[in-house]
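Any read-out appearing in this document is the output of simple, stated calculations on the displayed coordinates, not a laboratory observation. All figures in this text were calculated on a predicted structure; none of them were measured in a lab. We place every Cβ from the backbone using ideal geometry, glycine too, and count neighbours over all the protein chains shown.
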Amino acid sequence: MKRRLMMVLALVLIVPGLLMTAACSKKAVKSDAALTQGGGDTGRTIGKDPKKGTGSDSGIGGTGTGDTMRGAAADRFVNEDVTFAYDSSALDARAQEILKFKAEFLRSNANAAVTIEGHCDERGTSEYNMALGQKRADSVKKFLINSGISGSRMNTVSFGKERALDPGHNEAAWSKNRRAHFVLQ
Amino acid sequence: MMNSRNSFFIVFLTLFLPMVCSAEININISNPNMRKIPIAIPAFNASAAGEDAIAKKGADILGSTLDFTGFFKLLDRVSFLEDPKNFNPGVVNYRNWTAIGAEILVTGQTQMQGDTLQMDLRAYDTFKGNLLVGKRYKGHVNDLQKMVRRFASEIIFALTGNWGIFDSQICFVSTGTGFKEIYMSDFDGGNPQQITNHRSISMTPALSPDGNWIAYTSYMKSKPVIFIKNMVGGGGSISSESNMNITPDWVPGKFMLAATLSLGGSQEIYLLTGAGKIIKKITNSPGIDVSPSFSPDGHRFAFVSDRAGSPQIYIGDTDSGRADRITFEGKYNTQPSWSPKGDKIAYSSISGGQINICVIGVGGGGTAQLTYNSGRNEYPSWAPDGSMIAYASSREGSNRIYVMTAYGTDQRRLVSLPGEQTSPKWSARVVRN
């Protein structure tokens with residue numbers, strides 16, 4: 001999909017940028033400022049103190065050879081959604097497998113910060129789905145924290161049923177839409 | 001701001017004090033089997049030849065306004081035995097009206113002076129042979145509808161003891177611009193106006209009981225935050241106390257809201273100040289608590305919780321923190337709306353792949369399903385007098401705003417706008433001159 005393509009593109013452009021510069025810490029300052037203004041771009045508050053305790057050059061900083069592998073891993077990281085059963089935020093075996101990979105990726109890319117988006121299928125009502133999407137994102141975040149990833153690197157946002165991945169009106173579409181999606185910052 | 005019609009002025013006088021009546025015509029909006037009251041509204045009597053069109057239009061607007069409530073049966077003018085031209089103001093031959101079955105007769109007398117329209121409007125109880133209410137209105141001719149609606153409210157007040165819905169408004173979400181934006185219309189869907197332009201996702205609007213404030217959720221700031229805006233003077237605040245700030249509802253009698261926030265990994269309902277700051281948490285469960293809807297006295301609220309494993313309606317108490325489940329049928333009951341009379345909760349229920357509007361007593365008994373086999377039916381919201389329910393339905397394909405009586409009768413579409421319309425919220429009665 002177009003959106004996916006954009007994200008991959010963004011990754012290709014952004015990740016090297018993150019590696020090379022101190023852009024992260026600048027961004028953090030900006031986010032803080034926005035936050036204190038009350039209701040600024042707080043969707044990015046993960047920038048608040050993402051680097052606490054993890055050297056800014058650890059993990060992905062040095063190697064130039066891993067580019068393709070890293071690209072593939074990053075691709076997989078953003079393209080592979082965790083999916084859920086209807087009206088559930090429980091992580092089944094498959095979801096946990098995917099999240100183990102996500103945790104691994106985040107461990108080996110210690111500068112990476114991620115937004116976890118929670119989504120729902122179209123069947124329920126919009127308000128409850130907003131809360132359910134948040135519960136799904138929170139459930140994923142909790143799993144990753146338990147896997148050793150710092151909570152400060154992860155932001156959550158719920159889109160309820162507002163942004164279906166597949167516009168279909170059948171279980172095939174719904175099962176894709178009940179998802180947690182990962183966006184690298 | 002949004003209401004340029006506020007600037008007009010209307011002068012009205014009580015023409016005659018109605019005889020203190022123990023009215024036999026009694027509209028009991030709590031009676032599901034209520035018989036519609038036959039009402040005769042002849043074209044108003046123009047004082048000069050050029051006014052006939054205005055005089056007829058006035059009577060037509062009054063007819064359609066009253067008809068909206070579902071309380072009345074409008075009698076066909078063809079059956080009338082009397083020509084309005086022959087009316088002698090204040091003197092009515094009641095027998096000519098009881099003979100055709102009319103229980104209420106409304107007469108009007110118009111008089112134009114430049115752009116100023118004066119109307120003497122009178123409603124009679126034909127069987128008792130007395131005046132129910134009579135008023136004189138004077139204003140710009142462009143405010144004909146406003147003046148006629150005022151008189152319609154007087155008739156409703158004379159018959160029911162409350163002021164009805166004609167001064168209320170409905171806010172809703174529409175996608176006509178390609179984005180979910182908030183709109184507001186008259187009670188009947190007329191005069192729709194777009195009131196946000198965030199070009200984002202804006203949803204779940206709620207007007208404060210005094211009509212001066214609107215609260216809604218928007219993603220304009222990249223996460224769902226609550227906008228609280230003053231509808232009169234402009235200004236307001238943004239409440240972004242957590243990653244997710246959704247489903248605002250106003251607390252009756254206070255400049256205070258309740259909304260769901262997500263702090264500490266749990267979605268709970270909090271009381272917020274009118275500026276959007278947290279006062280206290282009023283639900284407490286490990287999972288989802290969402291969609292507060294307050295009782296008229298402001299002490300209790302209906303809400304949705306998944307604490308028992310599926311979304312169900314609960315009644316919470318803001319003081320004690322106690323919560324009681326009231327829905328037990330079905331596995332997906334959401335979107336509670338507490339009735340203005342305080343005795344019922346309307347909600348939407350998913351069952352067998354359908355979503356329909358239901359009502360249930362506040363104590364948990366007396367469930368009734370109001371919509372059937374007609375696409376998605378959701379987002380119920382009570383009219384301020386409790387006589388009707390607005391909701392969204394996809395029965396014609398796209399989602400549109402509909403209304404029905406509190407008993408599910410007279411279901412009809414309200415607005416015809418580009419895009420889809422959802423999330424109607426009926427405001428309290430707000431009178432601005």
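If you bin all the Cα-Cα distances of region A:62-169 at 10 Å, starting from zero, the percentages per bin are 14, 44, 30, 10, 2. With no solvent and one point per C-alpha, what does the Debye sum give as log10 I(q)/I(0) for region B:344-433 at q = 0.19 Å⁻¹? After summing over all Cα pairs, the log10 values are -0.84. The charge dipole of region B:169-426, taken about its Cα centre with unit charges on the Cβ atoms of Lys, Arg (+1), Asp and Glu (-1) only, comes to about 440 debye. Among residues other than B:Q267 whose Cβ falls under 10 Å from its Cβ, what is the net charge (Lys/Arg +1, Asp/Glu -1)? So the environment of B:Q267 carries a net charge of -3. The Rg/Rh ratio of region B:280-433, with Rg taken over Cα atoms and Rh as the Kirkwood radius over Cα pairs, comes to 0.97.
Residue-wise HN-Hα couplings along region A:95-112, as the Karplus relation 6.51 cos²θ - 1.76 cosθ + 1.60 with θ = phi - 60° gives them from phi, are 4, 5, 4, 4, 5, 5, 5, 4, 4, 4, 4, 5, 5, 8, 10, 5, 8, 6 Hz; Gly and Pro carry x.
For region B:294-304, backbone phi angles converted through the Karplus equation (6.51, -1.76, 1.60; θ = phi - 60°) give residue-by-residue couplings of 7, 5, x, 7, x, 8, 10, 8, 7, 7, 10 Hz, Gly and Pro being listed as x. Taking every DSSP helix (H) stretch of at least 4 residues in chain B, weighting each as -39,500 (n - 2.57) and dividing the sum by the residue count yields a mean residue ellipticity at 222 nm of -3000 deg cm²/dmol. Once C-alpha pairs closer than 8 Å and six or more residues apart are averaged by separation and normalised to the residue number of chain B, the relative contact order reads 12 percent.
The long axis of helix B:144-160 is offset from the longest Cα principal axis of chain B by roughly 80 degrees. Normalised radius of gyration (Cα atoms, divided by 2.2 N^0.38 Å) for chain B: 1.05.
Distance between the C-alpha centers of region B:339-357 and region B:48-119? Whole Å please. Value for the Cα centre distance between the two parts: 39 Å. For peptide B:237-250, the mean count of partner chain Cβ atoms within 10 Å of a residue's Cβ comes to 4.
Amide H to amide H, with H built 1.01 Å from N, B:V362 comes under 5 Å of B:K344, B:I345, counting only residues 5 or more places away or on other chains. Ignoring aspartates and glutamates fewer than eight residues from B:K223 along the same chain, the ones with Cα atoms less than 18 angstrom from its Cα are A:D32, A:D41, A:E117, A:E127, A:D138, A:E162, B:E181, B:E241, B:E268.
Three principal axis extents of region B:213-277 based on alpha-carbon atoms, in descending order, are 37, 27, 15 Å.
Residue-wise HN-Hα couplings along region B:335-344, as the Karplus relation 6.51 cos²θ - 1.76 cosθ + 1.60 with θ = phi - 60° gives them from phi, are 6, x, 9, 7, 5, x, 7, x, 9, 9 Hz; Gly and Pro carry x. Residues whose amide H lies under 5 Å from that of B:G236, counting only those 5 or more places away or on a different chain, are B:N230; hydrogens are built 1.01 Å from N in the peptide plane. Rounded to the nearest 10 degrees, the inclination of helix B:52-68 to the longest alpha-carbon principal axis of chain B is 40 degrees.
Close amide H pairs (under 5 Å, H built 1.01 Å from N) link B:L272 with B:L257, B:A258, B:A259, B:I279, residues at least 5 positions away or on another chain. Counting, for every residue in B:59-72, the Cβ atoms of other protein chains within 10 Å of its Cβ and taking the mean gives 0. Using the structure shown, select from A:K142/B:K221; B:K56/B:K344; B:K73/B:K146; B:K73/B:K425; B:K229/B:K280; B:K146/B:K341 the pairs with a Cα to Cα distance greater than 31 angstrom. B:K56/B:K344, as the Cα separations exceed 31 Å there.
In units of the rule-of-thumb radius 2.2 N^0.38 Å, region B:169-426 shows an alpha carbon radius of gyration of 0.93.
When you work out D = kT/(6 pi eta Rh) for region B:281-368 at 20 °C and 1.002 mPa s, using the Kirkwood radius from C-alpha pairs as Rh and the Stokes-Einstein form, the result is 168 µm²/s.
Exposure proxy ranking for B:I288, B:I326, B:I100, A:I116, based on other Cβ atoms within 10 angstrom of each Cβ and starting from the fewest, stands as B:I100, B:I326, A:I116, B:I288. Between B:R35 and B:K280, full extension at 0.36 nm per residue minus the direct alpha carbon distance yields a gain of 83.5 nm.
Under the criterion of Cα pairs below 8 Å and six or more residues apart, the relative contact order for region B:169-426 equals 13 percent.
Within 10 Å of the Cβ of each residue in A:156-165, the mean number of Cβ atoms contributed by other protein chains is 4.
Residues of region B:263-305 falling in the label zone of B:R325, defined by backbone nitrogen less than 16 Å from a point 7 Å along Cα to beta-carbon, are B:284-290, B:303-305.
Ranking of B:W163, B:W213 by neighbouring Cβ atoms within 10 Å, starting from the fewest: B:W163, B:W213.
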